[in-house]
Amino acid sequence: PAGTNYDPFFLFLSTKQHPTHHTMAPTNSLPGAALLAPSPAGTNYDMMYYLKGAAAGGICCSITHGALCPVDVVKTRVQLDPVKYNSGLIGGMRQVVAEEGAMALTTGLGATAFGYFVQGWFKFGGVEFFKIQAVSAMGEEKAWNNKTQIYLGAAAAAEFIADIFLCPLEAVRIRSVSDPEFCDGLVDGFGKMLKADGIGGFYSGFLPILAKQIPYTMAKFAVQGEAADAIYASMGSSPKDLSSSTNLGISLASGVIAGVAAAVISHPADTLLSKINKKGAGGDGPMMTRLANIAKEVGFVNLCTVGLLPRCVMIGTLTAGQFGIFDTVMSALGASKFHFHDPNESH
């Protein structure tokens, strides 16, 4: 929109290439004031904006994944041993509590909370960064017409970077859930896995996590963006015209839709990821051989369906919470979230 400041330090594709699409807002002479809130003349998409987006992303992912840790414990157990854990989500929780105590439902909580803070930092911060880069390179009108492709590309790029950092933490979490006696916390788990499997052990599930997380994140951001736009269009309004509580409600509703879609798309790879990190799974040999062995043993239908209902519940709730918390934290930090803008809309 007019008055939007795409900081040239970050937008290496200079806004001078597109003078008709962006009007640079005056830079506040007091840097501290610019960090606290957007400039009245427009929104500064500068270093501080990306840091706020990354922080909000880390906070929302850490809170939501941490809160749903008991669901994730049961989901992982169902995927690893569907014969034993065959009574659904609630039944699985009761079974775990009866056999191991209530604290078993918090297994892997430290790795989950820390791992997804790091992942959320790079994922949400990266999506904001790549979206704005694309608008700067393409111009607002072309970006508006290709916003779904921009969502998909930004999400894929951000998720790939985030997974490099998430994979070791996810490996420790899954190992601790599959074997509750394996470690006493995140640091202990890291030490034991490093000693037993070397650095490669932390990345044995890297390809499955990419296969799971990249389609999941692409679907999550693209579907949420399209769903939110459809809701705003049905109301004949834009985010700037509505109250913060109404915008929050739209974020939550579109987040549920996006979460279910993303869960279905990424579930087969999620099942493979859970199994590849179980000791001895898939036999010996290269990772792709082990993955092929696991897929053959489990079967395609089971890969797609076993544990899907608890995953839909988990991811639907989690995604709605993430977008709601992200918007809330961004607002609290004084940042105005980037939205695609139709330059032809009437004002």
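The values are calculated or read from the model by the stated rules, or taken from the named source; none is laboratory data. Quantities reported herein were computed from a predicted structural model and do not represent experimental measurements. Note that we place each Cβ from the backbone using ideal geometry, even for glycine, and neighbour counts take in every protein chain shown. When the accessible area is computed, the model is the full protein with side chains, heavy atoms only, and any ligands, DNA or RNA have been set aside. Shrake-Rupley method; radii C 1.70, N 1.55, O 1.52, S 1.80 Å.
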Inset, instruction - Kindly write out, for the range 174-180 in residue order, the coupling ³J(HN,Hα) from the Karplus curve 6.51 cos²θ - 1.76 cosθ + 1.60 (θ = phi - 60°), rounded to whole Hz, with x marking Gly and Pro. - result: 5, 4, 6, 6, 6, 9, x
Legend entry - Spatially proximal aspartates and glutamates relative to Lys337 (Cα-Cα < 13 Å; intrachain offsets below 8 disregarded): Asp46, Glu128, Asp327
Legend entry - Residue-wise HN-Hα coupling along the range 118-126, computed from phi with Karplus coefficients 6.51, -1.76, 1.60 (Hz; x: Gly, Pro): 5, 5, x, 4, 6, 6, 5, x, x
Legend entry - Selection from Val298, Ala54, Val260, by position along the positive dipole direction of the chain (Cβ): Val298
Inset, instruction - Could you check which residue among Met103, Met287, Met193 shows the biggest mean-square fluctuation in a GNM of the chain with a 10 Å Cα cutoff? - result: Met103
Legend entry - Magnitude of the charge dipole, the chain, Cβ model with Lys/Arg +1 and Asp/Glu -1, debye to 20: 480 debye
Inset, instruction - Provide Ile276, Ile199 ordered by accessible surface of protein heavy atoms (probe 1.4 Å), highest first. - result: Ile199, Ile276
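Could you sort out which of Lys220/Lys296; Lys123/Lys275; Lys147/Lys240; Lys52/Lys192 sit more than 27 Å apart by Cα distance in this structure? Don't jump to the answer; show the numbers that get you there.
On the way: Lys220/Lys296 29 Å; Lys123/Lys275 25 Å; Lys147/Lys240 19 Å; Lys52/Lys192 35 Å.
Over 27 Å Cα-Cα: Lys220/Lys296; Lys52/Lys192.
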Legend entry - Virtual spin-label span in nm between Cys304 and Ala292, 7 Å along Cα→Cβ: 2.2 nm
Legend entry - Net charge over other residues, Cβ less than 13 angstrom from the Cβ of Glu140 (K, R count +1; D, E count -1): 0
Inset, instruction - Using R₀ = 51 Å, calculate the FRET efficiency as 1/(1 + (r/R₀)^6) where r is the Cβ-Cβ separation of Asp179 and Ala230; round to 0.05. - result: 0.70
Legend entry - Carbon and sulfur %, accessible surface of the chain computed with the full protein complex present, 1.4 Å: 66 percent
Inset, instruction - Could you list which residues have their amide H under 5 Å from that of Asn44, counting only those 5 or more apart in sequence or on another chain, with H placed in the peptide plane? - result: Asn5, Ser39
Legend entry - Cα centroid separation - the range 67-136 against the range 271-331, whole Å: 10 Å
Legend entry - Extension gain (nm, one decimal) between Val83 and Ile164, 0.36 nm per residue minus Cα-Cα: 25.9 nm
Inset, instruction - Would you calculate, for the chain, the mean residue ellipticity at 222 nm contributed by helices, counting each DSSP H stretch of 4 or more residues as -39,500 (n - 2.57) and dividing by all residues, to the nearest 500? - result: -23500 deg cm²/dmol
